[in-house]
Amino acid sequence: YSIIPTIMLDGIIAYDIMQGPVNMERFLKFLKEQVMPFTNPYPGPRSVLVMDNCRIHHGEDIHCLV
């Protein structure tokens, strides 16, 4: 199983649990449906998204979304 959490200072605001590895399509869907609705334009609260250097974080679709 794989778990994708979205964590902020107040705790976990979104997560997804799936069987098998996370691919770019699944990660993009998670961002669109569960993370982006909680975000705001900079410099508002929840306006900065920090991701590590994982390969699936670098797709063009993800770049355009965030």
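The values are calculated or read from the model by the stated rules, or taken from the named source; none is laboratory data. Small disclaimer: the values here were computed from a predicted structure and weren't measured. Here the Cβ is made from the backbone with ideal geometry for all residues, glycine too, and neighbour counts use every protein chain on show. Remember, those area values only see protein heavy atoms, side chains included, never the ligands or the DNA or RNA. Shrake-Rupley method; radii C 1.70, N 1.55, O 1.52, S 1.80 Å.
Being among the small types (Gly, Ala, Ser) and in contact with a Gly (Cβ under 7 Å, 6 or more places away or on another chain) is a condition met by no residue of the stretch 47-63.
Go through the stretch 22-53 and count every residue that is in contact with a strand residue (DSSP E or B) (Cβ under 6 Å, 6 or more places away or on another chain) and either assigned to a loop (DSSP other than H, G, I, E, B) or not β-branched (Val, Ile, Thr) (or both).
Our first condition is that a residue be in contact with a strand residue (DSSP E or B) (Cβ under 6 Å, 6 or more places away or on another chain); within the stretch 22-53, this holds for 22, 30, 34-35, 38.
Applying the additional criterion that residues be either assigned to a loop (DSSP other than H, G, I, E, B) or not β-branched (Val, Ile, Thr) (or both) yields 22, 30, 34, 38.
Total satisfying the criteria: 4.
Just need a number here: residues in the stretch 49-66 that are within 25 Å of residue 10 (Cβ to Cβ) and either of a type in the set (Ser, Thr, Tyr) or open to solvent by 50 Å² or more (accessible area, probe 1.4 Å) (or both). It would help to see each step written out before you state the result.
Residues of the stretch 49-66 within 25 Å of residue 10 (Cβ to Cβ): 49-52, 54, 57, 62, 65-66.
Pick out the ones that are also either of a type in the set (Ser, Thr, Tyr) or open to solvent by 50 Å² or more (accessible area, probe 1.4 Å) (or both) and you get 49-52, 54, 65-66.
Residues in the stretch 49-66 being within 25 Å of residue 10 (Cβ to Cβ) and either of a type in the set (Ser, Thr, Tyr) or open to solvent by 50 Å² or more (accessible area, probe 1.4 Å) (or both): 7 in total.
Within the stretch 5-48, the only residue that satisfies the criterion of being open to solvent by 100 Å² or more (accessible area, probe 1.4 Å) and among the polar types (S, T, N, Q) is 19.
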